[in-house]
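Encoded as structure tokens, the structure appears first; notes follow it.
The values are calculated or read from the model by the stated rules, or taken from the named source; none is laboratory data. Keep in mind it's a predicted model, so treat the numbers as computed, not measured. Using ideal geometry, Cβ is built from the backbone for each residue, glycine included, and neighbour counts are taken over all protein chains shown. These accessible areas exclude ligands, DNA and RNA; they are computed on the full protein's heavy atoms, side chains included. Shrake-Rupley method; radii C 1.70, N 1.55, O 1.52, S 1.80 Å.
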Amino acid sequence: MKNLSRNRVWKKKRFYNTTSLLSISLLIFIFIFIFVSYTSHIPNSLLPISRTSQCTPQNLPGQRFLWYAPHSGFSNQVAEFKNAILMAAILNRTLVVPPILDHHAVALGSCPKFRVLGPGEIRLSVWNHVIELLRSRRYVSMADIIDLSSLVSISVIQAIDFRDFISLWCGVNVDFDCFNESNDKSSLLDSLKQCGSRLSGLAGNVDKCIYALDEDCRTTVWTYQQNDDGVLDSFQPDEQLKKKKKISYIRKRRDVYKTLGPGSKAESATVLAFGSLFTAPYKGSELYIDIDEAPRDQRISSLIQKIEFLPFVPLITSAAKEYAFETIKGPFLCAQLRLLDGQFKNHWKTTFLALKNKVDSLKKGPLPISIFVMTDLPEADWHGSYLEDLARDSDSVKLYVLREKDELVIRTAKKLIESGHGMRLGLVPESVDRMSRMKQQCPPQILPDILLYIEETVCSCASLGFVGTAGSTIAEGIEVMRKFNTCPSHSQTALTNSLQANNLCSR
């Protein structure tokens, strides 16, 4: 009887075990079926290949990269881009060319007040914003707007588009030209988020892989060949600020080549990550980068001269010249009036006074005076300002204003998207293939806002002079363009030549 009972128990257990095994097998089968069905609807270009970063990308063996975190407005971003070119050349690294960020989407803070985002924080903020630009199809590379042909063609620098860098480094097979909010998947976004966190240095440095700098304007002024490595900088936080903010920063001048070049820990890393590269003169020194000469390096000395002025791509300059020669059709004055942003909204009187003085002097000559106005103040809000007075004085003044929806602006924006300068940086052959696929398969990209770039170039053509807003980096950029004579002739021949160049670039 005992044996019979045991047999029944054993058979009962075996039955339960068999049933459990069948249930588990069925659940596994159902899971696999659901997973396969789900992933079969995801385009291959959106499936991550790997969640680990590629320290030595197979497509680019031996390449070492430099990336950084641009921020603030366009003019500041261009200034940082110039510094990035310089750093990449000194350290013999391939520059990761960023997109143009939305105006003040990422803010640094104040270096003079020692109140800034840390390098890791600002790198991650920039990374997240770049992904958002890709998702919303508003990505515009700096190389789409700034002409790098004179630097890349003669190998002054090597460069790679940020989108190609993401694909290689993050180990994801993504056609970012087709990437948008409607088809992104959580697995892809998780991969990109993890990759951004690693590249931002939040998890620390990785030997021979990532070297993320912690130095910023609170502690460091980068120099080159000035024999001042380790010397205290002349600008330091004063005692009152130290007590008030409870800070103990000490700013030292450090030679970038000695610190991050051959023989350093940074030199062996595939990716060198800076934070902000913004600098400006302050109290007899520079806030972060003080490299305006290279006494023992002719290559860098030549590069410093070259990057003093980086022109816009031919499509933009041609559009501006077309407006100046065909719409304004004669000598004109340019007025750049920044009235709404930051400190400028409190200085209307000073800004308008400078323009009024210039206009009054021109009224002694031929009338009417043609004035091209570029301002952040909408025309509907000109009431009660000096701009309204000028608009009413039609006998003496004729005003010209470009608008975002003008045919010239829209036409140029469309051609810029088709040209894809950013994807032609040359390191990754697949980039050109993606451009052709983009035109055939991808939903249309949102037209970039290029009004500012055309306006700046129009101002460089103003033969009657230029009145800019004091302290505006936009005004400073226009002055540089005028210094380098970007609009040398107002002849019909010059217009014909520029339009021919425009047509060639769009082919």
Q: Would you mind getting the accessible area per residue of region 242-303, heavy atoms of the protein chains only, 1.4 Å probe, in Å²?
A: 54
Q: Can you tell me which of 399-407, 328-336, 79-87 comes out highest on packing, and rank the rest after it, using the mean Cβ neighbours within 10 Å?
A: 79-87, 328-336, 399-407
**Q.** Dipole of region 122-243 [Lys/Arg +1, Asp/Glu -1 at C-beta], most positive-end residue of 148, 202, 189
**A.** 189
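Given C-alpha coordinates of region 75-222, what is the ratio Rg to Rh with the Kirkwood estimate of Rh?
0.95
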Q.
Please report the net charge: other residues with Cβ closer than 12 Å to the Cβ of residue 107, K and R +1, D and E -1.
A. -1
Q) Under a 5 Å amide H to amide H cut-off, with H placed in plane at 1.01 Å, what residues pair with residue 219 once short-range neighbours are removed? A) none
Q) Any idea how far the Cα center of region 245-269 sits from the one of region 77-91, in Å? A) 17
(Q) In Å², and per residue, what accessible area does region 80-217 have when probed at 1.4 Å with the other protein chains present? (A) 33
Q. Which trypsin sites (Lys or Arg not before Pro) does region 149-256 hold that lie in a coil by DSSP with at most 14 other beta carbons within 10 Å?
A. 208, 246
